[in-house]
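The values are calculated or read from the model by the stated rules, or taken from the named source; none is laboratory data. Just so you know, these numbers come straight off a predicted model, no measurement behind them. Because the Cβ atoms are built from the backbone with ideal geometry, glycine has one as well, and the counts that use them run over all protein chains shown. For the accessible areas, the whole protein counts, side chains as well, though only heavy atoms, and no ligand, DNA or RNA atoms are used. Shrake-Rupley method; radii C 1.70, N 1.55, O 1.52, S 1.80 Å.
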Amino acid sequence: MLALAGCVLVAWAAALVAADRVTTPLGVTGVVVALVVALLLRPRLPAGPVLPSLLVALLAVASVLLNRPYATTELLLGRDPAAYGFAATWLVDHPSVDVPLGAGRGAGIGFQVHGDAVTPLWTHAMPALGGLLGRARGADAALEVNLLLGALALVSVFVLGRRLAGDWVGLLVATATAVSLPFVHFTRGMYSEVATTASGVLAVALGLALLSTWSRRTAVATGLALGAAAASRIDGLLPAAVLVPLLALAARVDGRAPGATSARVRLVLLGLVPGLVAGQVDLWTSSRRYMGVQLELFLPVAGAAAVGAVLALLVVAAPVRAGQRLTGLLTGARPAAVLGGAAGLGVVLLLTRPLWDVSRHHENRNPLTESVQAAEGLPLDGWRSYEEQVAPWLAAYLGWPAVLAALVTAVLLLHRALLRREPAAAVVPVVLLVFLAYLSARTSITPDNVWVVRRFLPQVVPLTVVLAGLAVRLLHDEGGAARVVGWVLGGSLVLLPLLATAPVATHVEGRGQREAVARLCAAVGDADVVVAGPTWPSGTLRVHCRATVWEEGSPTPARLAEASDALGRGTVVVTTEPSEVPWRDGDEPPPTVRQQVERLERTLRPPPTSVVREDVVWWVGELGSDGLVDPVPPDDGGDGAVG
């Protein structure tokens with residue numbers, strides 16, 4: 001308890017210091033403290049054969065080594081990974097994510113103004129760890145932090161699979177996760193979902209361990225893992241919102257020493273505090289404006305977490321007679337039939353939804369959705385959100401056998417848990433079904449693949465594979481023909497995800513961007529920069545070129561002359577829209593930098609199987625005191641083709 005109290009105090013003190021912008025971002029506090037204290041407390045997990053544990057350790061190492069040559073090189077702001085990369089890169093040699101404005105102005109896309117600095121948006125737990133890795137192994141390593149977090153996620157999947165279905169099934173489901181395209185693609189890039197996967201799946205595994213031992217150490221470790229998830233993403237509170245009330249209900253249904261089990265649930269909530277404080281202070285200090293825009297997404301998540309915590313406290317504080325009444329309502333033949341039947345109906349609706357629903361949840365027309373629709377010959381409908389495709393999307397990456405086996409197993413497990421009063425059996429099915437329902441209601445993301453399934457990675461992908469692995473074990477134990485079916489299902493758990501990954505297994509997202517940025521920085525040199533027109537290049541110039549940036553959305557000669565006076569002599573203009581710039585000779589010059597870069601295709605028919613090559617083009621010019629711009633001729637970087 002002293003260690004936990006100290007952990008809470010350290011997290012809170014770090015929050016206050018980080019709010020003053022003088023130390024490493026707040027997010028790292030929650031993650032590091034959670035991991036360190038979890039290791040110190042050493043929660044007891046079931047012992048088993050050494051060989052599967054050794055093999056999963058080798059799998060985790062192999063995942064890092066095999067994916068590292070293909071780690072992302074996204075240095076240009078297009079989507080979230082670049083902004084996370086900006087933060088990690090800046091933290092390699094700076095104590096705070098704040099990037100000084102200097103004489104410049106404007107935040108640019110992906111940043112928020114904070115006093116006399118700009119701050120990359122979103123949570124900084126994962127970028128902060130990347131910054132630490134970059135300090136140890138060089139700046140490029142800062143963008144590889146998810147390879148290590150992915151290895152931890154594989155171990156978490158193994159631990160959960162082992163607890164449900166044994167050591168060898170644990171190894172099977174960890175392998176299936178490791179070769180799946182969502183895991184491969186997102187661990188190679190700067191995606192916050194990977195940290196949530198590692199901590200969230202571990203929390204579920206520890207929650208199951210807690211239900212069998214009700215030990216203090218396991219309770220604290222469960223809370224710390226949930227706190228780490230809460231610190232890593234804007235919706236990182238969701239695992240806690242689901243798991244904590246589940247544990248509280250299980251404590252009352254369990255019936256053994258109700259006072260002790262209720263105390264353990266309160267310890268889980270207490271263990272959640274460091275990561276919760278860290279994540280929320282981080283979000284609201286670095287991304288206040290963004291959080292204001294995203295309240296529609298955040299408030300339901302925060303509300304669900306608050307309701308879950310209050311429900312948990314009320315359940316564990318209820319008198320013994322009330323607990324017995326609650327147990328009677330939740331267990332037995334009738335509740336099993338009703339709730340199990342409702343879960344089964346929900347699964348049927350999920351699987352058949354593409355036949356009867358067309359989801360439109362975008363408030364504004366999405367041009368990117370329309371561009372993908374046009375490329376695939378589909379009717380243009382920028383309001384489409386495609387939530388009805390949740391099951392087919394999941395099956396595209398894991399295979400229909402895994403999806404169907406997992407869903408059937410979830411319903412049967414839930415029914416058995418209620419019928420036989422086995423609360424532990426209900427945990428994984430309930431968590432999976434709740435997250436599937438959440439994603440089916442609102443994915444809140446552009447629906448192109450593989451991008452959209454980042455929402456599936458933290459819970460849905462690993463828990464689907466784990467429950468399918470449990471189905472393999474149950475079929476194997478039946479013997480006879482069922483055993484053969486189990487073997488076939490087990491093989492498909494690895495083979496089908498591998499087939500979906502194979503066409504793009506050696507793809508490097510953003511290949512060519514490193515060369516493009518090097519050429520841009522060389523063209524800019526040590527000069528201050530005016531970004532004329534769209535502000536996409538601002539983050540790259542500030543973080544990777546270390547330039548002072550002045551953003552000018554309407555680059556008239558008068559406005560550019562004002563920028564020249566503010567920044568001084570030697571200022572250059574960078575633009576992606578040359579027609580908006582007042583060139584001195586009046587003619588649009590050839591681009592200074594043209595570089596071909598690669599990205600995975602965007603498709604509404606997953607999985608993606610091809611790579612798209614497109615040009616990144618910048619015009620650079622020297623800004624005169626009169627507001628006119630003299631173009632810098634094309635550099636000597638050749639045609640900029642990807643080798």
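Structural remarks
Yes/no matrix, rows are residues, columns are (1) outside any helix (DSSP H, G or I); (2) of a type in the set (S, T, N, Q); (3) within 21 Å of ASP282 (Cβ to Cβ); (4) within 20 Å of the chain's Cα centre (by Cα):
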residue	(1), (2), (3), (4)
PRO182	no, no, no, yes
HIS185	no, no, no, yes
MET190	yes, no, yes, yes
GLY223	no, no, yes, yes
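- Every residue from the stretch 325-352 that is part of a helix (DSSP H, G or I) and over 19 Å from VAL408 (Cβ atoms): ARG325, LEU326, THR327, GLY328, LEU329, LEU330, ALA333, ARG334, PRO335
- Within the stretch 542-568, tally of residues that are surrounded by 15 or more Cβ atoms within 10 Å (Cβ to Cβ) and either touching a His at 6+ places or on another chain (Cβ under 8 Å) or not in a helix (DSSP H, G or I) (or both): 9
- Selection of the stretch 112-129 for residues being outside any strand (DSSP E or B) and in contact with a helix residue (DSSP H, G or I) (Cβ under 8 Å, 6 or more places away or on another chain) yields LEU121, TRP122, THR123, HIS124, ALA125, MET126, PRO127, ALA128, LEU129.
- Scanning the stretch 146-176 for residues being open to solvent by less than 10 Å² (accessible area, probe 1.4 Å) and among the aromatic types (Phe, Trp, Tyr) gives a total of 1.
- Residue, nearest to ALA117 (Cα to Cα), within the stretch 526-541, restricted to residues that are small (Gly, Ala, Ser) and surrounded by fewer than 23 Cβ atoms within 10 Å (Cβ to Cβ): ALA527
- Qualifying residue in the stretch 484-491 (condition: closer than 15 Å to LEU407 by Cβ, surrounded by fewer than 23 Cβ atoms within 10 Å (Cβ to Cβ) and either of a type in the set (Asp, Glu) or in contact (Cβ under 8 Å) with a residue 60 or more places away in the chain (or both)): yes
- Selected residue [open to solvent by less than 30 Å² (accessible area, probe 1.4 Å) and among the hydrophobic types (A, V, I, L, M, F, W, C)] from ALA424, ALA406: ALA406
- Residue list for the stretch 353-387, restricted to those being assigned to a helix (DSSP H, G or I) and within 28 Å of the chain's Cα centre (by Cα): ARG353, PRO354, PRO367, LEU368, THR369, GLU370, SER371, VAL372, GLN373, ALA375, GLU387
- Hits in the stretch 115-131 (condition: open to solvent by 20 Å² or more (accessible area, probe 1.4 Å), modelled with pLDDT of 85 or more and either out of contact with any strand residue (DSSP E or B) (no Cβ under 7 Å at 6 or more places or on another chain) or closer than 16 Å to THR187 by Cα (or both)): LEU129
- Options ALA516, ALA522: the member that is open to solvent by less than 10 Å² (accessible area, probe 1.4 Å), on the phi < 0 side of the Ramachandran plot and either modelled with pLDDT of 95 or more or over 24 Å from the mean Cα position of the chain (by Cα) (or both): ALA516
- Just so you know, in the stretch 437-465 the residues that are within 18 Å of PRO497 (Cα to Cα) and among the aromatic types (Phe, Trp, Tyr) include one that is surrounded by the most Cβ atoms within 10 Å (Cβ to Cβ), and it is PHE456.
- One residue alone among LEU237, LEU246 is in contact (Cβ under 8 Å) with a residue 12 or more places away in the chain, within 18 Å of LEU314 (Cβ to Cβ) and under 24 Å from the mean Cα position of the chain (by Cα), and that residue is LEU246.
- Matching entry among ALA424, ALA405 (being at pLDDT 95 or above and within 21 Å of ALA342 (Cα to Cα)): ALA405
- Any hit, the stretch 282-294, residues being in contact with a Phe, Trp or Tyr (Cβ under 8 Å, 6 or more places away or on another chain), closer than 30 Å to PRO392 by Cβ and at pLDDT 80 or above: no
- Members of the stretch 569-594 found to be assigned to a loop (DSSP other than H, G, I, E, B) and either small (Gly, Ala, Ser) or open to solvent by 60 Å² or more (accessible area, probe 1.4 Å) (or both), listed by number: ARG569, GLY570, GLU577, ARG584, ASP585, GLY586, ASP587, GLU588, PRO590
- Test: residue in the stretch 12-32 that is at pLDDT below 85, aromatic (Phe, Trp, Tyr), over 29 Å from VAL157 (Cβ atoms) and in contact with a helix residue (DSSP H, G or I) (Cβ under 9 Å, 6 or more places away or on another chain): yes
- Applying the condition of being of a type in the set (Val, Ile, Thr) and under 15 Å from ARG384 (Cα atoms) to the stretch 344-369 and asking which residue is surrounded by the fewest Cβ atoms within 10 Å (Cβ to Cβ) yields VAL358.
- Considering only residues in the stretch 48-86 that are within 19 Å of ALA502 (Cβ to Cβ) and not polar (S, T, N, Q), the one that is nearest to the chain's Cα centre (by Cα) turns out to be ALA71.
- Of all residues in the stretch 530-564, those satisfying the criterion of being closer than 18 Å to ARG519 by Cα and out of contact with any Gly (no Cβ under 7 Å at 6 or more places or on another chain) are VAL530, VAL531, TRP536, PRO537, THR540, LEU541, ARG542, VAL543, HIS544, CYS545, ARG546, ALA547.
- Among the candidates ALA481, ALA471, ALA437, ALA425, the residue that is free of Cβ contacts under 8 Å to residues at least 12 places away in the same chain and either assigned to a helix (DSSP H, G or I) or on the phi > 0 side of the Ramachandran plot (or both) is uniquely ALA481.
- Taking each residue of the stretch 569-582 that is closer than 15 Å to GLU622 by Cβ and looking for partners that are open to solvent by 10 Å² or more (accessible area, probe 1.4 Å) and of a type in the set (Asp, Glu) with beta-carbon atoms closer than 6 Å, six or more apart or interchain, yields THR571/ASP528; VAL572/GLU622; PRO578/GLU588.
- A search for C-beta distances below 9 Å between a residue of the stretch 121-135 that is farther than 18 Å from GLY292 by Cβ and any residue that is among the polar types (S, T, N, Q) and not in a helix (DSSP H, G or I), counting only pairs 6+ apart in sequence or on different chains, returns HIS124/THR24; ALA125/SER192; MET126/SER192; PRO127/SER192; ALA128/THR24; GLY131/THR24; LEU132/THR24.
- Taking every residue in the stretch 312-341 that is open to solvent by less than 30 Å² (accessible area, probe 1.4 Å) and pairing it with any residue that is at pLDDT 70 or above and among the charged types (D, E, K, R), at least 6 positions away or on another chain, the pairs with Cβ-Cβ distances below 6 Å are VAL315/ARG252; GLY323/ARG252; THR331/ARG421.
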